[in-house]
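Down below is the structure, laid out as C-alpha cells.
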Amino acid sequence: METFLAVAKHSSIRRAAAQLHITEAAASAAVAHIEKQLGAKLVAKSGRGIALTEAGRVYADYCRSILGLMKEAHAAVREAETGRLRIGVVATAGEYVLLRLLASFRNRYPDIELGLSIQPRDVLFLELTHHETDLVVAGRPPRDTGLVTRARRPCQLVVVGAPNLWPDPCEATWLLRGKGSGTRDTTLALFDRLQIRPPTLTLGTHGAAIAAAREGLGITLIHSDAIATDLAAGLLEELTVDGTPLTRPWHVVTTRTPTPTARLFLSHITDPERVGDKAFRGV
C-alpha cells in the first residue's frame with residue numbers, strides 16, 4: 001500500500017521508487033500485484049507519467065485511512081507519556097494560540113514525540129479523517145465527517161486597517177488569504193451579506209495580510225488573537241463593519257477514538273491552572 005500511495009502521490013513509478021529507495025521494477029511489480037489481487041486497473045498512462053483511474057482513486061483513499069490507522073494503533077499500544085502526538089493546526093492558531101500550550105506540554109511530557117502540521121483547514125480535516133494526524137486545532141469541522149470537537153476557545157473575527165485611512169470600509173481594498181482558508185471563505189460570505197463587491201488583493205497568508213494592512217494596502221478580516229499587539233501599539237485599528245465582529249471560536253478536533261497522547265494533550269490544554277488564559281474549555 002505504501003508503494004501504491006507513493007506512485008499515486010508522484011504520478012510516476014520512477015519518482016515513487018526513488019522516494020522508497022527501491023528499484024523501479026520493484027515498484028512497478030508491487031502495483032501490478034495489487035491490480036491482479038483486486039482485479040481492477042488502478043493506474044493508466046497520462047502523457048509522460050501515469051494517473052489514477054477512478055478505481056485507483058477509491059483504493060488510494062482507503063490506503064491512506066488504513067495506513068493512518070496502523071500508525072495510530074502502534075502509538076496506542078505504547079504508554080501515552082512516551083508516545084507520539086501529531087497535531088494539525090491552521091496558521092493563525094499555530095502562531096498565536098498553540099505555541100505556549102505546546103511549550104508547557106513539552107516541558108510536562110518531554111518523552112512524547114511532537115509533530116506539527118500547519119495547513120489550510122480543509123487539508124487538516126482530510127488528514128484527520130485519514131488518521132494521518134491525531135488532533136486538529138482550527139475552525140469548526142465539516143459536518144457528516146465523523147470528527148468530534150473536544151474543546152473550544154473563544155475568538156472573534158474583526159476588520160482592521162491602518163489608523164485613520166479607511167473612512168468607508170465597504171469601499172476599501174480587502175486583503176484576502178489564499179484558497180482553502182476559512183477566513184477567506186468567511187470574508188467572501190460577509191461580502192454577500194453586505195451586498196458589496198470591493199476590490200480585493202490575495203496575499204496567501206494571514207501574516208502577509210496583516211503586514212499589508214499595516215502598510216495601508218487595504219483592510220482585512222482577521223482573528224483577534226493575531227492582531228492584539230498591533231492594536232495596542234496603534235499600528236492597526238478595528239473598523240466598524242456591519243455584521244462584525246464575528247464569533248469564531250477555535251475548535252480542538254479528533255476522530256471518535258482519540259489516541260492516548262491526544263487525550264493527554266486535551267487534558268493539559270483544558271486545565272487553566274497549568275496553561276492560564278490560553279486554556280480551552282472542554283466540550
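The values are calculated or read from the model by the stated rules, or taken from the named source; none is laboratory data. Values in this document were obtained by computation on a predicted structure and should not be read as measured data. Here the Cβ positions follow ideal geometry from the backbone for every residue, glycine too, while neighbour counts run over all protein chains shown. SASA here: full protein model, heavy atoms, side chains in, ligands and nucleic acids out. Shrake-Rupley method; radii C 1.70, N 1.55, O 1.52, S 1.80 Å.
Dividing the alpha-carbon radius of gyration of the chain by the rule-of-thumb value 2.2 N^0.38 Å gives 1.19. Just the number, please: percent antiparallel of the DSSP beta bridges in the range 1-126, rounded to the nearest 5. The answer is about 40 percent antiparallel.
Exposed loop sites here mean GluC sites (Glu not before Pro) with a DSSP loop assignment and at most 15 other beta-carbon atoms within 10 Å; the chain contains its longest site-free run at 80-214. Dipole magnitude for the chain: computed about the Cα centre from +1 point charges on Lys and Arg Cβ and -1 point charges on Asp and Glu Cβ, it is near 800 debye. Calculated [222 nm] ellipticity per residue, helices only, for the chain: -12500 deg cm²/dmol; basis is -39500 (n - 2.57) per DSSP H run with n ≥ 4, divided by all residues, nearest 500. The H on the amide N of G161, modeled in the peptide plane, is under 5 Å from the matching H of E237, L239, each at least 5 residues off or on a different chain. With point charges of +1 on the Cβ of Lys and Arg and -1 on the Cβ of Asp and Glu, referenced to the Cα centre of the range 152-283, which listed residue (A209, L239, T173) lies farthest in the positive direction of the dipole? Positive-end residue among those listed: A209.
Coupling constants for the range 228-244 follow from the phi torsions by the Karplus curve (6.51 cos²θ - 1.76 cosθ + 1.60, θ = phi - 60°), and in residue order they are 4, 5, 5, 5, 5, 7, x, 7, 9, 10, 7, 9, 7, 9, 3, x, 10 Hz; glycine and proline get x. Rolling a 1.4 angstrom probe over the protein heavy atoms with all chains in place gives the range 1-74 an accessible area of 63 Å² per residue. The HN-Hα couplings worked out from phi for the range 186-200 by the Karplus form 6.51 cos²θ - 1.76 cosθ + 1.60 (θ = phi - 60°) are 5, 5, 5, 5, 5, 4, 5, 5, 7, 6, 10, 9, x, x, 10 Hz, whole numbers, x standing for Gly and Pro. Taking a ≥ b ≥ c as the square roots of the eigenvalues of the Cα gyration tensor, the range 111-224 is classed as prolate, since a/c reaches at least 1.5 and a/b is larger than b/c.
Of the residues A26, G68, S12, the one whose Cα sits farthest toward the positive end of the charge dipole of the range 1-74, with +1 on the Cβ of Lys and Arg and -1 on the Cβ of Asp and Glu, is S12. Between the range 36-52 and the range 210-246, what is the separation of their alpha carbon centroids in Å? Taking the Cα centre of the range 210-246 as reference, the centre of the range 36-52 is 50 Å away. Within the accessible surface of the range 1-74, defined with a 1.4 Å probe on protein heavy atoms only, the carbon and sulfur portion equals 57 percent. The slack in the chain from C170 to R48, taken as 0.36 nm per residue of separation less the alpha-carbon distance, amounts to 39.0 nm. As a calculated quantity, the FRET efficiency between T149 and S267 at R0 = 22 Å, using C-beta atoms, amounts to about 0.90.
Computed from phi, the 3J(HN,Hα) profile of the range 118-134 under the Karplus parametrisation 6.51, -1.76, 1.60 (θ = phi - 60°) reads 9, 9, x, 3, 4, 5, 4, 5, 5, 4, 5, 4, 8, 6, 8, 9, 9 Hz, with x in place of Gly and Pro.
Using heavy atoms of the protein chains and a probe of 1.4 Å, the accessible area assigned to V90 is about 20 Å². The lysine pair tally for the chain, using Cα distances under 26 Å and a gap of 8 or more places or different chains, is 6. Rolling a 1.4 Å probe over the protein heavy atoms gives the range 156-247 an accessible area of 47 Å² per residue. Solvent-accessible area assigned to carbon and sulfur over the range 195-269 amounts to 51 percent, based on a 1.4 Å probe.
Label point of F191 set 7 angstrom out along Cα-Cβ; within the range 147-185, amide nitrogens under 15 Å from it belong to 170-185. Given a 1.4 Å probe and every protein chain left where it sits, what share in percent of the accessible area of the range 121-184 is carbon and sulfur? Result for the range 121-184: 48 percent of the exposed heavy-atom area is carbon or sulfur.
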